[in-house]
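Read through the structure below, which is laid out as structure tokens, and then see the notes.
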Amino acid sequence: MNAPEPNFHGIAPRTGELARIVRVNEEIKAIVATAFRINLMALNAIFLAKRAGNAALGFGVLSNELRRFAQDLTRHMASLREMTSGSVGSVTGVVQQQRIAAILAEALRLSGDGVPGAREARRRGATRLAEQQVRLRSLDLRLRAAVEETQQLVELGGVLARSAKIEAAYGGSFSAALMQVSTDFAEVIAQIKRSLEVLGKERLVKD
Amino acid sequence: MKQAHCIYQDEDHRWLAIARDTTKPGYIIDTNEYVVIHGEEALLCDPGGIEIFPSVFSALSAECDPTRLAGIFASHQDPDIISSLALWLEFKPDLKCYTSWLWQSFLPHFGGQDSTFVPIPDSGVTIRLDGLELQAIPAHYLHSSGNFHLYDPKAKILFSGDVGAALLPADHNELYVQDFSRHIRHAEGFHKRWMGSDRAKRDWCERVSRLEIDMLVPQHGAIYQGADVQRFINWFAALEVGVLRS
């Protein structure tokens, strides 16, 4: 008989789950960085609206709302981040269990049928793996729900950015500057939307 | 593929050597695993690394019911000694792992829980295996700072971990040392480099010289038996250790 291969069957593809978490984390980090930018942009917009006076009262109100939006978004992303950090432990558990199960299966195969205790060991391993996968699926569902909730929040941000653009048109001599700021808002929010779409497609576990 | 060889048998008391794996990948150091069987229980000495687990498990299963394994003796903490721990526990979750107290909180990185480990104090301990008394003999700093060997007074076998180890060329597949002076050349560099303390070495030589030993079974290389046991102890006592090069 040949020596067992150093990497046992079925192990490599499963490590993709950790890679997926890394991708999810990276998207979350990108959105957090962008939310921080909106916060600063909104602060600048508030000062600009103040300088513009009565002509930019509506723009000022919207800038305040955008700032609140950025703060809410940051909170959402922090809770998403917490969820993915927790899932690293769960995914690692699954990957480790799968690796152990694969090596043990190879050992039992080499030992031939009827090794005492083999059936119990397989059943124990399968139960443990199933429990870990249930935990991971539930985390995945929570993560998806949280991403959907964030997507709704960002829709509101998009509406605010569009309204700011309209208000900018009434900004008198400050109109061009306000228009530039509101365009920047819209672009940044579109960027967040794209990141959330990517995030929404990621799954911690395969369906 | 590894095979289990019975190196001692007296009724229901046996020692198996799982040795000489000629088909394992060349980048993994060859290791010997030993199983002490007495009555209804078995103890596995230095079960080896993760990568060789299937081969060790199947060799053991061919000669002994693996559900009879009551414990694992880990001479020290190295990966080629005990990194397969999680796999053995996957097969038998209530296995006990006897190891130096020093490694009690390190070995769980390979697997196991608090209840898995039975810490051995520096002075050694008696390990009971279905009525048989095995002695964990201190071998600290040879090479690990928390290191034990296992002595079976009934079989007169000393499992000596890395002491006595030889890094044999691929074509030297003998289970027992055939020609001491030829064999020891393959052990010299290893002992000079890996055994770091001359004082610890002298203490060990004195300690084991008081034991009745028919076989000295190391974790790498061939088994010393008969007069070669004392030859090895004398050779080791005279060897300059803790040196990079001779």
Residue check for A:ILE192: crowded, with 16+ Cβ neighbours inside 10 Å and among the β-branched types (Val, Ile, Thr): yes
Using the structure shown, decide if B:ASP94 is under 17 Å from B:TYR34 (Cβ atoms), acidic (Asp, Glu) and more than 8 Å from every other protein chain (Cβ to nearest Cβ). no
Quick one: would you say A:GLN71 is within 12 Å of chain B (Cβ to nearest Cβ), touching a helix residue (DSSP H, G or I) at 6+ places or on another chain (Cβ under 9 Å) and among the polar types (S, T, N, Q)? no
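Among the residues of segment B:1-28 satisfying the criterion of being of a type in the set (A, V, I, L, M, F, W, C) and within 14 Å of chain A (Cβ to nearest Cβ), which is nearest to B:VAL177 (Cα to Cα)?
Keep residues of segment B:1-28 that are of a type in the set (A, V, I, L, M, F, W, C), which gives B:1, B:4, B:6-7, B:15-19, B:28.
Keeping just the survivors that are within 14 Å of chain A (Cβ to nearest Cβ) gives B:1, B:4, B:18, B:28.
Numbers: B:MET1: 21, B:ALA4: 17, B:ILE18: 16, B:ILE28: 22 Å.
The selected residue is B:ILE18.
Filter segment B:29-61 down to residues that are over 12 Å from B:SER84 (Cβ atoms) and modelled with pLDDT under 95 and give me whichever is farthest from the other protein chains (Cβ to nearest Cβ).
Residues of segment B:29-61 over 12 Å from B:SER84 (Cβ atoms): B:29-30, B:32, B:34-43, B:45, B:58-59, B:61.
Add one more test, that the residue is modelled with pLDDT under 95, and what stays is B:29-30, B:58-59, B:61.
Numbers: B:ILE29: 14, B:ASP30: 12, B:SER58: 4, B:ALA59: 9, B:SER61: 4 Å.
Ranking the qualifying residues of segment B:29-61, first place goes to B:ILE29.
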Filter segment A:160-207 for residues that are at pLDDT below 90 and among the charged types (D, E, K, R) and give the result. A:LYS201, A:GLU202, A:ARG203, A:LYS206, A:ASP207
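Restricting to helices (runs of 4 or more DSSP H) lying wholly in segment B:50-145: which have 2 or more residues that are β-branched (Val, Ile, Thr) and buried (at least 23 other Cβ atoms within 10 Å of the Cβ)? Before the answer, list the steps.
Numbers: elements: B:53-63, B:79-82, B:85-91.
Passing ranges, in order: B:79-82.
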Select, from A:VAL147, A:VAL159, A:VAL134, the only residue that is on the phi < 0 side of the Ramachandran plot, within 17 Å of the chain's Cα centre (by Cα) and either assigned to a helix (DSSP H, G or I) or more than 14 Å from chain B (Cβ to nearest Cβ) (or both). A:VAL147
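So that you can scan it fast, the table gives a plain yes or no per residue for (1) modelled with pLDDT under 90; (2) part of a helix (DSSP H, G or I):
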site	(1), (2)
A:ALA35	yes, yes
A:ASN39	yes, yes
A:LYS50	no, yes
A:SER63	no, yes
A:VAL91	yes, yes
A:ASP113	yes, no
A:PRO116	no, no
A:LEU139	yes, yes
B:GLY242 fails exactly one of (1) within 19 Å of the chain's Cα centre (by Cα); (2) modelled with pLDDT under 95; (3) over 25 Å from B:VAL36 (Cβ atoms), namely (1)
Residues (over 12 Å from B:LEU158 (Cα atoms), in contact (Cβ under 8 Å) with a residue 40 or more places away in the chain and not hydrophobic (A, V, I, L, M, F, W, C)) located in segment B:209-244: B:HIS220, B:GLY221, B:ASP228, B:ARG231, B:GLU240, B:GLY242
Selection count, segment B:40-76, where residues are of a type in the set (S, T, N, Q) and in contact with a Leu (Cβ under 6 Å, 6 or more places away or on another chain): 1
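One line per residue, one yes/no per condition, for (1) closer than 30 Å to A:LYS201 by Cβ; (2) surrounded by fewer than 14 Cβ atoms within 10 Å (Cβ to Cβ):
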| site | (1), (2) |
| --- | --- |
| A:ALA30 | yes, no |
| A:ALA33 | yes, yes |
| A:ALA45 | no, no |
| A:PHE59 | no, no |
Taking B:GLY164, is it out of contact with any Ser or Thr (no Cβ under 8 Å at 6 or more places or on another chain), assigned to a loop (DSSP other than H, G, I, E, B) and away from chain A (no Cβ under 14 Å)? yes
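Return the residues of segment A:97-125 that are under 23 Å from A:ARG20 (Cα atoms) and more than 8 Å from chain B (Cβ to nearest Cβ); say none if nothing qualifies.
First, pick out the residues of segment A:97-125 that are under 23 Å from A:ARG20 (Cα atoms): A:97-102.
Scanning segment A:97-125 gives A:GLN97, A:GLN98, A:ARG99, A:ALA102.
The values are calculated or read from the model by the stated rules, or taken from the named source; none is laboratory data. What you are looking at is a predicted structure, and each value in this text was computed from that prediction instead of being measured. So basically every Cβ, Gly included, is an ideal-geometry build from the backbone, and we count neighbours across all protein chains shown.
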